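**Student:** I have a structure I would like to understand better, so I am pasting it below and will then ask my questions one at a time.
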Amino acid sequence: MVTFMKKKLFAMFCALALLVSALPCAGALEGEAARAADTLAALNLVKGTGSGYALDEPATRAQAAVLLVRLAGAEQEAASSGSRSSFRDAPAWCRSYITYAASQKWIYGVTAQAFRPDETVTANAWCTFLLRMLGYSDHDGDFTVGRAALFAQRIGLISRSYDGPLTRGDLFQIMRDALTFSYKNGSATVIQRLIQRGACSQSAASALGLLSQELTARQVADRYMSAVFCLDVYEKETQIESSKPSGNASGFFISADGLAVTNYHSIDDAIYATATLSTGEVYPVESVIYYDVDIDIAVLRISRTSSAGKTTSAFSTLELVGTEDLRAGDVVYTLGNPLGLGLAVSSGIVSATERDVDRYALPCVMNTADISKGSSGGALLNVYGQVVAVTAGAYTYGNNMYLAVPVDPVMEADLTVEGMTLPEVVEAVDAAEAAEEEAS
């Protein structure tokens, strides 16, 4: 019996050893950089070093040029275009890539004849390369090279802040984020263009979830948090002078030039308001283009010049689709500023699509996606990342009974009007209420 047990234990040990040896190195499965590298490798965009991805090593300008050309699906064009380069220091292994990218005006040298391929690439340089490849132009004023990474985050190309020199892992993460981003002209996303050019297979992209229309909460946060902002409102001049807002709310952009949606009650009695983006930048509210007190919805125009005096060419935006196709049981996500603590995401399901509530002129979408005070004016999204409603409130004595007002009225409103200032809105609403009381 003892011998049998020893043999059985030995067999189990051998089987366990074989199983462990068959598993990838744990380090290869851990961390965003490794996951990004694995995704890119599956698409043949990253080749590795032969002994891993060297994620913590500094990323060089030469490596950035190679990866940029691959991300554009132009590796074959680069190879056939020749390797004669104006940069005398371009190594043979990457000369054709550097030459091609330079011919497309995606990259630049440190001087007319020096590319400095072994120099560590910075966040601003890499984002500049990417933005140019996507059709954005620093020469035409879309962005500036010195603030390229900030602009990339503002429009949703990258999901978090990067600054200074980058590692290879940083490079891979930014590339992975860029796969689902659209070219400036809206013709395709990066992964769609790669498939069109035959640089990667549709089956590989599909297996990686890059072509799925339905998004997870993580994907919604990564792709669309840049389109949402924290709204600080001020009701008195003394609050403006002391930089102490009277309240906090949320809002989201629906046009690249600064149109944004929030609840009316978020700006009720406000004489000044600012929008703080995921980048930390603060932009003043210029005017109110549309508002409806009873529906509890408002459209703001946000200044494209920040409180720090910096002007942007574009904001990240969300698409409006309304509630027509919404059904009870559908998965929904919220993006907003709960408790004024900063931007956050939550998920839930639609409980009812047309819940009548005394406070609102239109039936509300009742759902279980958590919101709190400060979330008013945030976006309620479907699984495709489209806005169906504006998060507005909750039943005080209910559990998971959150309310959102349909965004449909905004879709039908004339948003080309000049609008009113916040103080003018306060005056107009007060006058309307006074006239109503007098009439009654």
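The values are calculated or read from the model by the stated rules, or taken from the named source; none is laboratory data. Bear in mind that the values here come from a model prediction, so they are computed numbers and not experimental data. Neighbour counts run over all protein chains shown; Cβ positions are idealised from the backbone, glycine included.
Conditions (1) within 22 Å of residue 257 (Cα to Cα); (2) in the same structural domain as residue 86 (by TED's automatic domain parsing); (3) out of contact with any helix residue (DSSP H, G or I) (no Cβ under 8 Å at 6 or more places or on another chain); (4) outside any helix (DSSP H, G or I), marked per residue:
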residue: 146; (1), (2), (3), (4): yes, yes, no, no
residue: 150; (1), (2), (3), (4): yes, yes, yes, no
residue: 156; (1), (2), (3), (4): yes, yes, no, yes
residue: 177; (1), (2), (3), (4): no, yes, no, no
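**Student:** Considering only segment 85-142, how many residues are of a type in the set (D, E, K, R), in contact with a helix residue (DSSP H, G or I) (Cβ under 8 Å, 6 or more places away or on another chain) and within 30 Å of residue 305 (Cα to Cα)?
**Tutor:** Of the residues in segment 85-142, 3 are of a type in the set (D, E, K, R), in contact with a helix residue (DSSP H, G or I) (Cβ under 8 Å, 6 or more places away or on another chain) and within 30 Å of residue 305 (Cα to Cα).
**Student:** Residues that are in the same structural domain as residue 169 (by TED's automatic domain parsing) and surrounded by fewer than 14 Cβ atoms within 10 Å (Cβ to Cβ): list the helices (runs of 4 or more DSSP H) wholly contained in segment 30-144 that include at least 3 such residues.
**Tutor:** 75-80
**Student:** On the given criteria, is residue 118 among the acidic types (Asp, Glu) and farther than 22 Å from residue 167 by Cβ?
**Tutor:** no
**Student:** Okay, moving on. When residues of segment 396-440 are filtered for being in contact (Cβ under 8 Å) with a residue 24 or more places away in the chain and not in a helix (DSSP H, G or I), how many remain?
**Tutor:** Within segment 396-440, residues that are in contact (Cβ under 8 Å) with a residue 24 or more places away in the chain and not in a helix (DSSP H, G or I) number 16.
**Student:** Cβ-Cβ below 6 Å, separation at least six or inter-chain, first residue in segment 191-219 and more than 23 Å from residue 156 (Cα to Cα), second among the small types (Gly, Ala, Ser): which pairs?
**Tutor:** Correct list of pairs: 197/73; 199/73; 204/42.
**Student:** I'd like the full set of residues that are closer than 21 Å to residue 389 by Cβ and out of contact with any strand residue (DSSP E or B) (no Cβ under 7 Å at 6 or more places or on another chain), limited to segment 241-264.
**Tutor:** Correct list: 255 only.
**Student:** Only one of 155, 174, 195, 191 is over 21 Å from residue 141 (Cα atoms), of a type in the set (A, V, I, L, M, F, W, C) and within 14 Å of the chain's Cα centre (by Cα); which?
**Tutor:** 174
**Student:** Another question, if that's okay. Among the listed residues 361, 275, identify the single one that is part of a strand (DSSP E or B), in contact (Cβ under 8 Å) with a residue 24 or more places away in the chain and not charged (D, E, K, R).
**Tutor:** 275 is the lone residue from the list that is part of a strand (DSSP E or B), in contact (Cβ under 8 Å) with a residue 24 or more places away in the chain and not charged (D, E, K, R).
**Student:** Select from segment 194-228 the residues that are in contact with a Phe, Trp or Tyr (Cβ under 7 Å, 6 or more places away or on another chain) and either at pLDDT 95 or above or aromatic (Phe, Trp, Tyr) (or both) and list them in ascending order.
**Tutor:** Matches in segment 194-228: 214, 215, 217, 220, 227, 228.
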